[in-house]
Amino acid sequence: MDSTTAERLVANEYRFREVNERLEADVREIADPEERIAFVCECSATSCRETVSLNLDEYGALRAVEGHFAIVTGHEILEIERVVQRADRYIVVEKLLGA
């Protein structure tokens, strides 16, 4: 994979992260802390429409590390990220490149 393609894929993931950050801000005041919210999969595929089910504490822990993203299992691209956590509903990947 060339560096331009890799950078574009990582940029896509950051766009999905922005969507999720707006969603989290909107539901923080009304959602129960343990309630699972359907966040957008933060993988690099612009055509992906799948969701990742996280409660607000899980989402907050994910966001505590800048380069971590929650994605659907199987959506990882090992040329641009590495898996750092596996859960039953999602995996967390860490970007190997900046956006």
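The values are calculated or read from the model by the stated rules, or taken from the named source; none is laboratory data. The structure presented is a predicted model; accordingly, all values stated were derived computationally and were not measured. In this analysis, Cβ positions are derived from the backbone assuming ideal geometry, glycine residues included, and neighbour counts consider all displayed protein chains.
Structure summary
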{"quantity": "Boolean, residue 11 is touching a Leu at 6+ places or on another chain (Cβ under 8 Å) and either at pLDDT below 90 or surrounded by fewer than 17 Cβ atoms within 10 Å (Cβ to Cβ) (or both)", "calculated": "no"}
{"quantity": "One residue from 40, 72 being modelled with pLDDT of 95 or more, in contact with a helix residue (DSSP H, G or I) (Cβ under 8 Å, 6 or more places away or on another chain) and closer than 30 Å to residue 2 by Cα", "calculated": "40"}
{"quantity": "Residue within region 75-85 that is without any contact (Cβ under 8 Å) to a residue 40 or more places away in the chain and within 10 Å of the chain's Cα centre (by Cα) present", "calculated": "no"}
{"quantity": "Of all residues making up region 14-26, the number that are farther than 19 Å from residue 71 by Cα and either acidic (Asp, Glu) or surrounded by 15 or more Cβ atoms within 10 Å (Cβ to Cβ) (or both)", "calculated": "1"}
{"quantity": "Top-ranked residue of region 86-99 - restricted to ones that are within 12 Å of the chain's Cα centre (by Cα) and assigned to a strand (DSSP E or B), ranked as modelled with the lowest pLDDT", "calculated": "95"}
